[in-house]
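Working notes, structure below.
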Amino acid sequence: MRVTEAQHYTELRSSLAQDWFKFLGETFPHSRWLCLPNIGDSIKEYLSVWDINAIILSGGDDIGVYPVRDETEFALLDIADKEGFKVLGVCRGLQLMHNWLGGELVRNGAEFENKHKSTRHKILFNNEPHEVNSYHSCTLKGETAADIISTADDNSIEAIAYKNMLGVMWHPEREETLPLWQKEFITNFLYN
């Protein structure tokens with residue numbers, strides 16, 4: 001979950017935007033969800049008492065800003081890889097997967113941000129054009145074992161897959177109405 005800071009006093013919180021709950025309820029109506037706290041490597045022990053079979057890494061917070069979140073999510077990827085859990089990474093989640101696989105992130109300039117930050121743009125997915133929302137200012141650099149499954153029209157990577165992991169650079173939870181192709185893409189991945 002995103003790390004937020006309390007106002008007027010010092011306290012870090014693990015939080016999730018409310019649009020996630022609408023998205024989860026509509027997209028996975030028969031699933032039970034548990035929000036995982038940012039507790040670093042201790043997440044491995046914490047997770048051992050829950051019957052977890054999939055993990056979603058949400059967006060927000062650049063890698064390196066809150067090291068406890070980074071440590072927590074890298075540990076979650078280790079667990080998922082070892083146990084075969086499905087992982088859906090959204091925006092930062094995709095970036096974290098890429099980094100976990102040995103890739104780098106590049107922060108781009110204003111021209112890139114004009115096309116990718118707080119806007120919508122076209123991607124190519126399954127050889128068909130689609131439009132997605134976009135809130136990122138980083139691109140992926142360096143080859144990894146992941147397969148590239150979607151790119152934007154500027155050739156920046158928009159979705160990757162690796163074993164039991166799927167990462168998308170857009171935010172499906174922020175769509176007013178989730179397009180059918182996105183819902184099918186995500187649910188087919190998580191349930192198959």
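Brief remarks follow.
- In the stretch 34-54, the residues that are surrounded by fewer than 13 Cβ atoms within 10 Å (Cβ to Cβ) and either of a type in the set (A, V, I, L, M, F, W, C) or part of a loop (DSSP other than H, G, I, E, B) (or both): LEU34, CYS35, SER48, VAL49, TRP50, ASP51, ASN53
- Residues in the stretch 18-32 that are in a loop (DSSP other than H, G, I, E, B) and either closer than 13 Å to GLU175 by Cα or touching a Cys at 6+ places or on another chain (Cβ under 6 Å) (or both): GLN18 alone.
- Count of residues meeting criterion [in a loop (DSSP other than H, G, I, E, B) and either out of contact with any Gly (no Cβ under 9 Å at 6 or more places or on another chain) or exposed (fewer than 15 other Cβ atoms within 10 Å of the Cβ) (or both)] in the stretch 55-80: 7
- Reported count of residues in the stretch 17-58, each being of a type in the set (A, V, I, L, M), in contact with a Ser or Thr (Cβ under 9 Å, 6 or more places away or on another chain) and farther than 21 Å from MET165 by Cα, is 2.
- LEU88 meets each of the listed conditions (1) among the hydrophobic types (A, V, I, L, M, F, W, C); (2) at pLDDT 95 or above; (3) more than 21 Å from MET165 (Cα to Cα) apart from (3).
- Note on the stretch 153-163: among residues that are surrounded by fewer than 20 Cβ atoms within 10 Å (Cβ to Cβ) and under 14 Å from the mean Cα position of the chain (by Cα), the one that is nearest to PHE85 (Cα to Cα) is TYR162.
- Residue match in the stretch 10-19 (condition: modelled with pLDDT under 90, of a type outside the set (A, V, I, L, M, F, W, C) and more than 19 Å from GLU184 (Cα to Cα)): yes
- Selection status of ILE148, more than 29 Å from GLU83 (Cβ to Cβ) and either crowded, with 16+ Cβ neighbours inside 10 Å or hydrophobic (A, V, I, L, M, F, W, C) (or both): no
- Filter result (loosely packed, with under 11 Cβ neighbours inside 10 Å and in a strand (DSSP E or B)) within the stretch 121-145: GLU128, PRO129
The values are calculated or read from the model by the stated rules, or taken from the named source; none is laboratory data. Worth saying up front: this structure is predicted, and the values here are computed from it rather than measured. Positions of Cβ are backbone-derived with ideal geometry, glycine not excepted, and every protein chain shown enters the neighbour counts.
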